[in-house]
Amino acid sequence: MTVPMFNITLAYVITLSLELRRLHIDLIMCYKIVFGIANVKFDDFFKRSSVVATRGRAFKLFKEHSTNNIRQAFFSQLVINIWNELPETVDFSSLWSFKRTVKLVDFTSFLKCF
């Protein structure tokens, strides 16, 4: 049985898949928008969840219902489900700690290629 060369190279180098790297970058950008680090308005992308008793943390985002298929492909719609499902082990105290702890989370349920 032969294994494709790409899989051997990927396993050898032990790099993350492109989809997972994009997901990490999207979450980091979401963090920057939520905490005001990016030079964009929070209200242009997201709305805070109006539920007072949020499970896990106070940074939950509200996902608006969309009937258009094109809207579902927007950055603000794609990242909300993943953001709201982040485990409590993710540290939101600083950008550096967020980057460090988000890399430890298993996102295989959100990836389409796995």
Using the structure shown, decide if residue 78 is modelled with pLDDT under 85 and under 10 Å from the mean Cα position of the chain (by Cα).
yes
In segment 90-109, which residue that is over 17 Å from residue 23 (Cβ atoms) and among the hydroxyl-bearing types (Ser, Thr, Tyr) is surrounded by the fewest Cβ atoms within 10 Å (Cβ to Cβ)?
93
Mind checking which pairs have a first residue in segment 92-110 that is free of Cβ contacts under 8 Å to residues at least 24 places away in the same chain and more than 17 Å from residue 33 (Cβ to Cβ) and a second that is assigned to a loop (DSSP other than H, G, I, E, B) and of a type in the set (A, V, I, L, M), Cβ under 8 Å, 6 or more apart or different chains?
101/90; 105/86; 105/90
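So in segment 1-48, with the set limited to residues that are among the hydroxyl-bearing types (Ser, Thr, Tyr) and part of a helix (DSSP H, G or I), which one is modelled with the lowest pLDDT? I'd like the intermediate steps shown before the answer.
Residues of segment 1-48 that are among the hydroxyl-bearing types (Ser, Thr, Tyr), as a first pass: 2, 9, 12, 15, 17, 31.
Remaining after also requiring part of a helix (DSSP H, G or I): 9, 12, 31.
Values: 9: 57, 12: 45, 31: 92.
Per the criteria, the residue is 12.
The values are calculated or read from the model by the stated rules, or taken from the named source; none is laboratory data. These figures come from a predicted structure and were not determined experimentally. Quick reminder, even Gly has a Cβ in these numbers, built from the backbone with ideal geometry, and neighbours come from all protein chains shown.
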